[in-house]
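Read-outs: derived from the displayed coordinates by stated rules, not from any lab. Treat the numbers as computed from the prediction; the structure is a model and nothing was measured. Positions of Cβ are backbone-derived with ideal geometry, glycine not excepted, and every protein chain shown enters the neighbour counts.
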Amino acid sequence: MKVRTRVEKSRGGEACLVIAITVLAGVAGLHALAASAGPREDELARFQRYFERGAGSGVRGIVDEMAWKGVTDVALYDTMADSIREAMYDRDDATVEQTSWLVKALALSGNKKYAPLMNEIIEGDAHKKLKRHTRTARDRLFDYERWLPTLNAGTESAETRQELDRKRITNLLSSGDSELVRVGAKRVYIAHGGDPVLQEAVASVLMKRYERDSSDKVHIDSIAWLCKALAESGSGKYASMLDRVAEDAPNKKVRKQARKYARHLSGS
């Protein structure tokens, strides 16, 4: 209080004015910071609210959404890990199902700090269904360690949700990884069939990859999904491209799928 008194005596009302201006500036800064939160921050906040409440109905949809969004927030995944620890030895069917989805979600972190928890489930006395899903999740954990840099490349500059989704899907399509290409093609088919930028990206990737002679099932399936995504555009300009794939692709399944979707676009 002595310091405050001296300031008030030496500077009178000027000190109060400076304090008031500083406080107002701080409040304005907080509002500006909140207003400047981008689509990634908004999306993360939605996921955080969901898991902080305790994953309930709709968990599968949330996990499926997170699977291609490159979420890396440690606090979010720590919340999941805490919920898993509380329920990992429960035998109730509904709890086992819920915990299995949480383990799948944890794998999306790509963070090896959660591998010991997964090992504990696999090696301990957890329900056999949870163990089975955790084995798969542990493999996925290391896949996402590799995939996350690709998923998130350039997304920090996105100013809208549409721009953010488009960038992520473009990253998937251009990754060169058949599994990620397949996910990208599925996303275009499911929700972005009318996006001309993404349709052109699909067409470009299809032309680069369809002639690859591979017996790999994921590669073959990724090409089939690229064809399906192009057909979803409804644009006849891609019919000749699909005809070309139907004629020249080395794999019979790919040729069949391309022929089917070429007919869809040509209206025959």
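Using only the Cα atoms, what convex hull volume per residue in Å³ does the chain have? Show your work: numbers first, answer last.
Details: hull volume 51.4 nm³, N = 268.
Per-residue hull volume (Cα only) is 192 Å³.
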Quick one: length gained pulling S235 to A115 fully straight, 0.36 nm per residue minus the C-alpha distance? 38.6 nm
R0 = 35 Å: FRET efficiency of D42 with E145, Cβ-based, nearest 0.05? 0.85
Go from 0 up to the bin containing the longest alpha carbon distance in the range 39-152, width 10 Å each, and give me the % of pairs per bin. 14, 51, 30, 4, 0
Measuring from label point to label point, each 7 Å out along Cα→Cβ, what is the V197 to D82 span in nm? 3.8
Order of L173, L164 under a 10 Å beta carbon neighbour criterion, fewest first: L164, L173
Given the rule -39500 (n - 2.57) for each run of at least 4 DSSP H residues, summed and divided by the residues of the chain, what is its mean residue ellipticity at 222 nm, to the nearest 500 deg cm²/dmol? -24500 deg cm²/dmol
From the cross-link list K217/K256; K69/K208; K112/K186; K186/K217; K228/K260; K69/K104, which pairs have alpha carbons spaced over 18 Å apart? K69/K208; K112/K186
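Can you compute the charge dipole magnitude of the chain about its Cα centre, using +1 on each Lys and Arg Cβ and -1 on each Asp and Glu Cβ, nothing else charged? Give it in debye, rounded to the nearest 20.
Charge dipole of the chain: 320 debye, to the nearest 20.
Using the Cα centre of the range 40-188 as the reference point, and only Cβ charges (+1 on K/R, -1 on D/E), how large is the resulting charge dipole? Debye, rounded to the nearest 20.
Values: 26 positive and 26 negative charges, 98 e Å.
Here the size comes out at about 480 debye.
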Describe numerically, in nm with one decimal, the distance between label points set 7 Å from Cα along Cα→Cβ at R91 and at E65. 3.6
